[in-house]
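Worksheet: the structure to be examined is printed underneath.
The values are calculated or read from the model by the stated rules, or taken from the named source; none is laboratory data. Since the model is a prediction, treat every value here as computed from it, not as a measurement. As a convention, Cβ positions derive from the backbone with ideal geometry for all residues, glycine included, and neighbour counts pool all protein chains shown. Areas reflect the complete protein model, heavy atoms only, side chains present, ligands, DNA and RNA absent. Shrake-Rupley method; radii C 1.70, N 1.55, O 1.52, S 1.80 Å.
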Amino acid sequence: MSNTGESNSELFKLGQRVHSVNDRRRIGTVKYVGEVQGYSGVWVGVDWDDGSGKHDGSVNGVSYFRAWADNSGSFVRVPNLSSGVSLLEALQLRYKSESTKEEEDEMYVLSASNKRVSVELLGKDKIQDKLSKFEELTGASLSYLGVSSPGVQCNGNTTLANLKHLDLTGNLLSDWKDVGTICEQLPALRTLNLSNNLMNKDVSELPQLKSIRILVLNSTGVNWMEVEILKHSLPVIEELHLMGNNISAIKPISSPIVEGFESLQLLNLDDNSVADWNEILKLSKLRSLEKLYLNKNKLNHVHYPDKDSIHEPLGAYESHEKIYIPFQKLSCLLLGSNNIEDLASIDSLNLFPDLRDIRLSDNPIADPGRGVIPRFVIIARLAKIEIVNGSEISNRERKESEIRYVRIVMSKLHDNPEEITRLHPRFGELKNLHGIEDERPSIGAGGPKKMASGLLSITLKCVGASMGEKPQLTKKLPATTTVGKLKILCESFFKLKSIRPKLFLQEEGYPLPLLLDDEIASLMDLGVGNESTILVDEES
């Protein structure tokens, strides 16, 4: 069905972003303006971002528009919708004089010393005078205020000449041209947050944003091809945040890998849909990239490019080749909440030349709840890493983790050196580093000799609900003590008459303890080190 009347179409335009007059956080896109069969007057068909509609754009068997979800569309009367306000109007709205105590907490800008500075505005007729007091302010938050346009630039000197940080999260901006105008009116602007503004696909009209160093485009609907166009307008960009945009592929326009972004130090691709690590390798030439965030994607494998360097011709006028090292400055790689489950991915992280901070939590390979490798194994396998899952590795923890790791490998694979080399690439290096000799029991004429591994100091803590308050105990136990034997000892130590103990190893840096459920495995087999803590719980 076609829209009715030019006068009606002027009320709202197709594709325009709007919000409910009763809730500025309820935002949608105009998909239809006109009559609806069986109802009088003009209706606006809105496709709501949060899916809080009533239908898919069809009513009584007639399709008026196609909504993004079955129940994201609805028809709304014109007075119940707002097309938004200008940037200057939003400033007045946010920093007005008459407000409640709760509103005052939100009505501030940040000074150069990062302190809140309250702002007083008395009315539209005095806005020019009052805005002149903004000249020393460096930051403002205008989130969810319905900003849809830049507004008319103030006469004379720019009103917000020193504004460096602007948060426009959750507004009605969609045109990149408007974004360019806002940046041109704010010459000192360094940080711009456009999260939750659904941006148009046409990026061609964006001017040079010569001052923007941090751009946040989380949940804006941008894809990588648009990012490729955007980069030409961002000559000094240092941080680019692209969370929640369903990006699944890195698609450079004019070359196999991403070029440009000479100043980019942080790229945030959290909460997207990248499944193939080869897509990430297209970012390997970003020479200034130090931090790469890839949490909550769909990656199941990680590897470093096969060659230590990649040769690339500089151009027809150059006869020599320029060599660059992939990910040469990358120091932080966040891979939490992916699907990584192979040790080869962990070991490959050693090949990144400057990597020191890694996140692997909520991957199958590093989830202690699934019985996979614990923190000390990750530390031992990664030689240069200083931070794992947000927790810094002390010199002591690294040394103890590496020794513990070597001992457990020796206990399990001491008769198969080839298998050790294949499965544990750092074993020989760590064994020599810490001067660890082979530790096997031997029986001679004088009978059994003492195990070289000696005794371990183990702290035992009762945590079972029905065990009562019992003081913790520290015991010297042979490294060959099995889990089953330790359970029997705990029954004796703590006088647990009718309680079957359940043991957990409390790991430093892990929020959840590791269940010790293999009764025939020894403390040495499990990598339990000296001065470890074991929690004594009860079987449910």
Practice problem: In nm, give the distance between the simple-model label positions of THR421 and LEU14, each being 7 Å from the Cα along the Cα-to-Cβ direction. | Solution: 6.9 nm
Exercise. Starting from one equal scatterer on each C-alpha and no solvent at all, send me the Debye-based log10 I(q)/I(0) for region 375-426 at q = 0.20, 0.21, 0.26 Å⁻¹, two decimals.
Key: -0.68, -0.73, -0.96
Quiz item: Which distance in nm do the two modelled labels at GLU262 and ARG396 give, with both placed 7 Å along the Cα-to-Cβ direction?
Solution: 4.8 nm
Exercise. Would you mind getting me the FRET efficiency between ILE323 and THR474? Use the beta-carbon distance for r and R0 = 60 Å, nearest 0.05.
Key: 0.60
Quiz item: Over region 26-70, what percent of the accessible surface lies on carbon and sulfur atoms, probe 1.4 Å?
Solution: 46 percent
Practice problem: Rounded to the nearest 0.05, what FRET efficiency do TRP68 and HIS232 give with R0 = 35 Å and r taken as the Cβ-Cβ distance? Could you check? | Solution: 0.70
Quiz item: What list of ³J(HN,Hα) couplings, whole Hz, do you get for region 77-82 from phi and the Karplus terms 6.51, -1.76, 1.60, once you set θ to phi - 60° and write x for glycine and proline?
Solution: 5, 3, x, 8, 10, 10
Quiz prompt | Environment charge at GLY51 (Cβ cut-off 12 Å; Lys +1, Arg +1, Asp -1, Glu -1) | solution = -3
Quiz item: For the pair ASN339 and GLU519, how long in nm is the line joining their label points, each one 7 Å along Cα→Cβ?
Solution: 3.7 nm
Quiz prompt | Of LYS54/LYS164; LYS285/LYS412; LYS231/LYS296; LYS177/LYS298; LYS298/LYS461; LYS164/LYS329, those spanning more than 32 Å from alpha-carbon to alpha-carbon | solution = LYS54/LYS164; LYS285/LYS412; LYS177/LYS298; LYS298/LYS461
Exercise. Calculate, for PHE493 and ASN80, the FRET efficiency according to 1/(1 + (r/R0)^6) with r their C-beta to C-beta distance and R0 60 Å; round to the nearest 0.05.
Key: 0.25
Self-check item: Accessible area per residue, Å², region 200-266 with all protein chains present, probe 1.4 Å
Solution: 44 Å²
Quiz item: From the phi of every residue in region 419-427, what ³J(HN,Hα) in whole Hz does the Karplus formula 6.51 cos²θ - 1.76 cosθ + 1.60 yield, where θ is phi - 60° and glycine or proline is x?
Solution: 5, 4, 4, 6, 8, 9, x, 9, 4
Quiz item: How do the peptides 163-169, 21-27, 528-534, 402-408 rank, highest first, by the average count of neighbouring beta carbon atoms within 10 Å per residue?
Solution: 402-408, 163-169, 528-534, 21-27
